[in-house]
Amino acid sequence: MTEPLSQFRCVACAATYPIETVRFSCDACGGLLDVLPDLRAFGRSGSEWRDLFDRRRATLPNASTPPRDISGVWRYREHVFPPLSVEKIVSKPEGNTRLYAAKELGARLGLSHLHVKHEGENPTLSFKDRGMTVGVSWANQLGLRDVACASTGDTSAALAAYAAEVPGMRSVVLLPDAKITGEQLSQALQYGAVTLGLDTDFDGCMKIVAELTKRRPIYLLNSMNPVRIEGQKSIGWEAIHDLGWHVPDWFVVPVGNAGNLSAIGKGLREWLDLGVIDRKPRLAGIQAAAADPFFQSYETGFTQRITRVAGETAASAIRIGAPVSHPKAEREIKFFDGVVARVTEDELLDAGALANRCGLAICPNSAVALAGAAKLRAEGVIKQDETVVVIATAHALKFSGSAMAYHQGTGRFANPPRRVAATVDAVIEALAAP
Ligand code: F0G
């Protein structure tokens with residue numbers, strides 16, 4: 001019998017399971033599962049893969065090109081999730097986000113080669129679309145009708161938007177009541193998700209949805225689902241492709257559940273193994289001080305897995321006290337000689353406002369990563385001439401409340417709106433004021 005191309009494998013005890021089964025944790029020990037694809041079975045060399053991806057990227061789409069052939073996720077489809085049939089793919093298309101050469105911003109932070117991969121330019125304005133195209137496509141292939149997630153607002157928007165494209169699929173989202181932005185909430189409503197606000201925090205919603213999906217035939221599409229986050233591997237891949245196959249010295253990523261950091265790391269390990277890339281970047285995971293359990297665990301040398309009640313932060317999408325993907329993220333931090341840092345509210349708000357002022361519409365969660373890069377630079381961990389890719393995870397316009405509050409306050413870069421009388425003289429007078 002030939003070895004299957006992909007299987008699930010437990011991160012803790014290495015038990016394996018067939019990929020075509022619905023499961024989110026190890027039956028033997030309860031550990032997290034990985035998708036383990038046998039990518040070498042394709043028999044291509046690193047340079048053959050690079051040529052293939054270059055060719056796909058160079059193909060100009062026209063009106064009849066299927067979205068999957070334009071997608072910045074499915075461009076790498078053999079490495080994303082081999083068991084999926086191409087005709088089952090639900091794609092908008094996603095990915096192909098800009099990698100901004102942030103010269104002005106970099107100069108302000110003492111970084112000569114700062115790039116910002118703007119995942120807020122995805123169809124639902126966050127990186128979650130890259131995972132959700134895989135998760136919903138797989139649910140589509142398995143013929144599953146109900147899909148669900150707990151969310152701080154972006155996963156729910158993506159789930160609702162992708163499920164909306166599959167006839168008969170129903171999305172159910174569990175949200176911490178009054179703890180996500182109005183823009184995020186409106187996305188779930190607009191795309192037709194069954195939207196439930198629970199009187200708890202994200203961690204409370206997560207526990208309930210995990211139990212719900214055990215008790216009912218509902219497919220869980222949180223990052224605990226190892227299939228979904230296979231799509232997020234493409235963030236790191238595409239950034240390297242954007243750089244003309246140059247591997248940056250650093251990827252800097254904001255951390256909530258730690259699924260994204262894990263996925264990016266896993267994808268990079270796979271490309272190292274296949275010879276698509278030939279050197280390791282370093283990884284930096286950054287948290288907000290109000291929600292810093294992964295940082296605290298890192299501080300113990302990962303001898304303890306710390307959880308906490310997450311406090312209020314402008315980075316509301318990463319207000320998480322018990323990161324579900326901790327074991328996977330710990331593995332990637334260790335493999336990639338990574339670091340974990342945390343930033344204060346003032347640091348993240350000012351870094352976000354500075355990026356915005358330099359023309360980049362990044363959100364407060366992305367600003368956590370940027371502030372972390374600035375902090376690591378100031379501490380000398382990141383060197384001035386190193387190439388740094390900061391992952392901006394969502395668009396500023398999903399978090400306008402926090403921007404308005406900042407600009408009406410006393411922050412370093414506050415730019416408050418001013419009311420003036422409706423006369424030319426009043427406008428001229430306003431322009432003369434400092
Ligand atoms: N940035 C944004 C904008 C997010 O929405 C999230 C997570 C993260 C960063 C952190 O990614 O959890 O993989 O470490 N949002 C989830 C959600 C929790 O429900 O939308 P992570």
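With the condition kept exactly as written, say whether any residue in region 370-383 is within 12 Å of the ligand (Cβ to nearest atom) and β-branched (Val, Ile, Thr). For region 370-383, residues within 12 Å of the ligand (Cβ to nearest atom) and β-branched (Val, Ile, Thr): absent.
Residue by residue, here is whether (1) open to solvent by 10 Å² or more (accessible area, probe 1.4 Å); (2) closer than 20 Å to Arg9 by Cβ; (3) within 12 Å of the ligand (Cβ to nearest atom); (4) free of Cβ contacts under 8 Å to residues at least 12 places away in the same chain holds:
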site	(1), (2), (3), (4)
Gly244	yes, no, no, yes
Val255	no, no, yes, no
Ala258	no, yes, yes, no
Ala263	no, yes, yes, no
Lys266	yes, yes, no, no
Leu272	yes, yes, no, yes
Gly275	yes, no, no, no
Arg279	yes, no, no, no
Ala284	no, no, no, no
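Within region 137-146, not a single residue is more than 18 Å from Ile218 (Cβ to Cβ), assigned to a helix (DSSP H, G or I) and open to solvent by 10 Å² or more (accessible area, probe 1.4 Å).
Scanning region 277-315 for residues that are within 30 Å of Leu243 (Cβ to Cβ) and of a type in the set (S, T, N, Q) yields one hit, Gln287.
Tally time: how many residues in region 324-335 are open to solvent by 10 Å² or more (accessible area, probe 1.4 Å) and within 16 Å of the ligand (Cβ to nearest atom)? Even if it seems obvious, please write down each step before you answer.
The first filter runs over region 324-335 and keeps only residues open to solvent by 10 Å² or more (accessible area, probe 1.4 Å), leaving 324, 327, 330-331, 334-335.
With within 16 Å of the ligand (Cβ to nearest atom) added as a condition, the list becomes 324, 327, 330-331.
Number of matching residues: 4.
Quick one: which of Gly321, Gly338, Gly301 is crowded, with 16+ Cβ neighbours inside 10 Å and either away from the ligand (no atom under 16 Å from the Cβ) or within 29 Å of Met404 (Cβ to Cβ) (or both)? Outline the logic, then answer.
Values: Gly338 fails: either away from the ligand (no atom under 16 Å from the Cβ) or within 29 Å of Met404 (Cβ to Cβ) (or both); Gly301 fails: crowded, with 16+ Cβ neighbours inside 10 Å.
When all the criteria are applied, what remains is Gly321.
Out of everything in region 109-131 that is assigned to a helix (DSSP H, G or I) and near the ligand (Cβ under 10 Å from one of its atoms), what residue ends up being nearest to Val22 (Cα to Cα)? Applying the filter and picking the extreme gives Gly131. Among the residues in region 75-94, are any on the phi > 0 side of the Ramachandran plot, in contact (Cβ under 8 Å) with a residue 24 or more places away in the chain and polar (S, T, N, Q)? Checked region 75-94: no residue is on the phi > 0 side of the Ramachandran plot, in contact (Cβ under 8 Å) with a residue 24 or more places away in the chain and polar (S, T, N, Q).
Looking at region 10-29, can you tell me whether even one residue there is among the acidic types (Asp, Glu), under 26 Å from Ile218 (Cα atoms) and either open to solvent by less than 30 Å² (accessible area, probe 1.4 Å) or in contact with a strand residue (DSSP E or B) (Cβ under 8 Å, 6 or more places away or on another chain) (or both)? So far as region 10-29 goes, yes, one or more of its residues are among the acidic types (Asp, Glu), under 26 Å from Ile218 (Cα atoms) and either open to solvent by less than 30 Å² (accessible area, probe 1.4 Å) or in contact with a strand residue (DSSP E or B) (Cβ under 8 Å, 6 or more places away or on another chain) (or both).
If I filter region 152-195 down to residues being among the acidic types (Asp, Glu) and surrounded by fewer than 19 Cβ atoms within 10 Å (Cβ to Cβ), which single residue comes out as nearest to the ligand (Cβ to nearest atom)? Full working, then the answer.
We begin by selecting, within region 152-195, every residue among the acidic types (Asp, Glu); these are 154, 165, 177, 183.
Filter once more, so that each one left must be surrounded by fewer than 19 Cβ atoms within 10 Å (Cβ to Cβ): 165, 177, 183.
Values: Glu165: 19, Asp177: 14, Glu183: 12 Å.
Step by step, filter region 152-195, then rank; the result is Glu183.
Here region 39-88 is the region considered, the condition is being of a type in the set (A, V, I, L, M, F, W, C), in a loop (DSSP other than H, G, I, E, B) and open to solvent by less than 30 Å² (accessible area, probe 1.4 Å), and the residue that is farthest from Asp278 (Cα to Cα) is Leu84.
Here's a check for you: in region 411-434, which residue that is in a loop (DSSP other than H, G, I, E, B) and open to solvent by 100 Å² or more (accessible area, probe 1.4 Å) is nearest to Asn356 (Cα to Cα)? Break it down stepwise before answering.
Residues of region 411-434 in a loop (DSSP other than H, G, I, E, B): 411-423, 433-434.
From what is left, the residues that are open to solvent by 100 Å² or more (accessible area, probe 1.4 Å) are 412, 415, 418-419, 422, 434.
Values: Arg412: 13, Asn415: 11, Arg418: 19, Arg419: 22, Ala422: 29, Pro434: 21 Å.
Ranking the qualifying residues of region 411-434, first place goes to Asn415.
Taking Val389, is it within 16 Å of the ligand (Cβ to nearest atom) and in contact with a Leu (Cβ under 8 Å, 6 or more places away or on another chain)? Steps first, answer last, please.
Numbers: within 16 Å of the ligand (Cβ to nearest atom): yes; in contact with a Leu (Cβ under 8 Å, 6 or more places away or on another chain): yes.
Yes; evaluated as a whole, the condition is true for this residue.
The values are calculated or read from the model by the stated rules, or taken from the named source; none is laboratory data. Small disclaimer: the values here were computed from a predicted structure and weren't measured. Positions of Cβ are generated from backbone atoms using ideal geometry, with glycine treated the same way; all protein chains shown enter the neighbour counts. Side chains included, ligands, DNA and RNA excluded: accessible areas come from the protein's heavy atoms. Shrake-Rupley method; radii C 1.70, N 1.55, O 1.52, S 1.80 Å.
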